[in-house]
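In what follows, a single structure is set out as structure tokens and then discussed.
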Amino acid sequence: MGRRTVRIAMNGVTGRMGYRQHLVRSVLALREQGGLDLGGGETLWPEPVLVGRREHALKEIAGRHGLTEWSTDLDAVLADDTVEIYFDAQVTSARVEAVRKAVAAGKHIYAEKPTATDLDGALDLARRANAAGVKHGVVQDKVFLPGLLKLKRLIDGGFFGRILSVRGEFGYWVFEGDWQEAQRPSWNYRAQDGGGITVDMFPHWEYVLHDLFGRVTSVQAHVATHIPQRVDEQGRTYEATADDAAYGIFQLEGGAVAQINSSWAVRVNRDELVEFQVDGTHGSAVAGLRTCRAQHRGTTPKPVWNPDLPATYDFRAQWQEVPDNTEFDNGFKAEWELFLRHVALDEPFAWDLLAGARGVQLAQLGLRSHAEGRRLDVPELTL
């Protein structure tokens, strides 16, 4: 009983996502609340060991948050037997080698996605982790968003009847970097550096669809590089070799169809940066990051198409807000808590490296579907 410390090597915390969502809003937030309550009077206290390539950045972050442990020597950190967990939020192209080293060192693995640049690499990580007997998980944060948690509540309650379709819209305008600074690092637009919206977002859509609606059984995709030239962080113009938009159609187990558009070249005319509309025989819902609105068949109006008259319906006003009914924590932090409980108490954790490999598989098949101009089956993965 009492406080148990778990030391976590956190690689990639100098990046925007690794720093803000994983270090500050997850691990440090857990420390601010006094640690993770494991029950029975025991508390788990996360102790981050910051890892990266830029010494000055690591030192600055550590000083800002009162942390004392940081290193540019990953091998030395992994050789430390007191470090139990390795977390990776590096660029995708550097992830496989680092995770392999961590598995070989006997560390439990928690990693951002995509877990690898190709399916073979992703499956190799899962097989190695299983063979080593370490626990492993992949960040699949969007299923922990308040809007999607409300949507899942509707699904679990039978609100939709038979689900017919899912339509998703994600994206925003990422400035080219010339007259306004880009909101995303330039490597996102270079295929040789692991960039591209398909490899970034299709892994998200795989687990969202899989967890909420059913396994993806086929994919048909069209990808595009709408903005062919951009300006990098040093003000240099470069050729965008990776896709900045992807338009996918996914057949789901059970018969529903999902259509999801992903784009960094679209201006937002919706309530949130991502929205999913689900239509079923008994009702429909629109879920975003935080909100969810629903319309039951008993309250569905009966519009009539007449292009000669102005619309008299306020369509948005005809939907009902789904209440919170609970307090929602940060989605990244919520999954961190589940993974830490998995490590400490051996509680179940569904989002492992095999689940991460499914996301890599879908992205790879999406790109291949575009290249070949046809729909492709998505085989079920096993190790």
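Please treat every number below as a calculation from the coordinates, not as lab data. Keep in mind that what you see is a predicted model, and the values were worked out from it rather than measured. Because the Cβ atoms are built from the backbone with ideal geometry, glycine has one as well, and the counts that use them run over all protein chains shown.
Quick notes on this one:
- Between residue 289 and residue 80, the C-beta separation translates, for a Förster distance of 51 Å, into a calculated FRET efficiency of about 0.85.
- Counting charges near residue 177 (Lys, Arg +1; Asp, Glu -1) among other residues having Cβ under 10 Å from its Cβ returns a value of -2.
- Between the Cα long axis of helix 92-104 and the first principal axis of the chain there is an angle of about 50°, rounded to the nearest 10.
- When its C-alpha radius of gyration is set against 2.2 N^0.38 Å (N residues), region 225-383 gives a value of 1.39.
- Net charge of the neighbourhood of residue 105, taken over other residues with C-beta under 15 Å away and scored Lys/Arg +1, Asp/Glu -1, is -1.
- Calculated on alpha-carbon atoms, Rg and Dmax of the chain in Å: 21.9, 74
- From largest to smallest, the equivalent ellipsoid semi-axes obtained for region 262-356 from the alpha-carbon gyration tensor read 38, 17, 13 Å.
- Among 167-173, 320-326, 70-76, the order from most to least packed when residues are scored by Cβ within 10 Å on average: 167-173, 70-76, 320-326
- Taking amide H atoms as placed 1.01 Å from N in the peptide plane, the amide H of residue 6 lies under 5 Å from those of 45, 47, each 5 or more residues away in sequence or on another chain.
- Straightening the chain between residue 299 and residue 155 buys 50.0 nm, computed as 0.36 nm per residue apart minus the Cα-Cα spacing.
- Helix 197-212 axis versus longest C-alpha principal axis of the chain: approximately 80°, rounded to the nearest ten.
- Straight Cα distances below 28 angstrom link residue 59 to the lysines 101, 107, 113, 333, with same-chain residues fewer than 8 positions distant left out.
- Applying the Kirkwood pairwise sum to the alpha-carbon positions of region 1-119 produces a hydrodynamic radius of 14.6 angstrom.
- Close amide-amide hydrogen proximity is noted between residue 171 and 263, each under 5 Å apart and 5 or more residues distant or on a separate chain (H modeled in the peptide plane; Pro and chain starts excluded).
- Estimated 222 nm signal from helices in the chain, with DSSP H stretches of n ≥ 4 weighted -39500 (n - 2.57), rounded to 500: -9000 deg cm²/dmol
- Rg ratio (alpha-carbon, reference 2.2 N^0.38 Å) - region 113-202: 1.51
- Vicinal HN-Hα couplings computed from phi for region 273-279 (Karplus, 6.51 cos²θ - 1.76 cosθ + 1.60; Hz; Gly/Pro x): 5, 9, 9, 10, 9, 10, 10
- Here region 341-383 is scanned for amide nitrogen atoms under 19 Å from the site 7 Å beyond the Cα of residue 226 along Cα-to-Cβ, giving 367, 370.
- Spatial extent of region 40-183: Rg and Dmax, with the Cα atoms as the point set, Å: 19.8, 57
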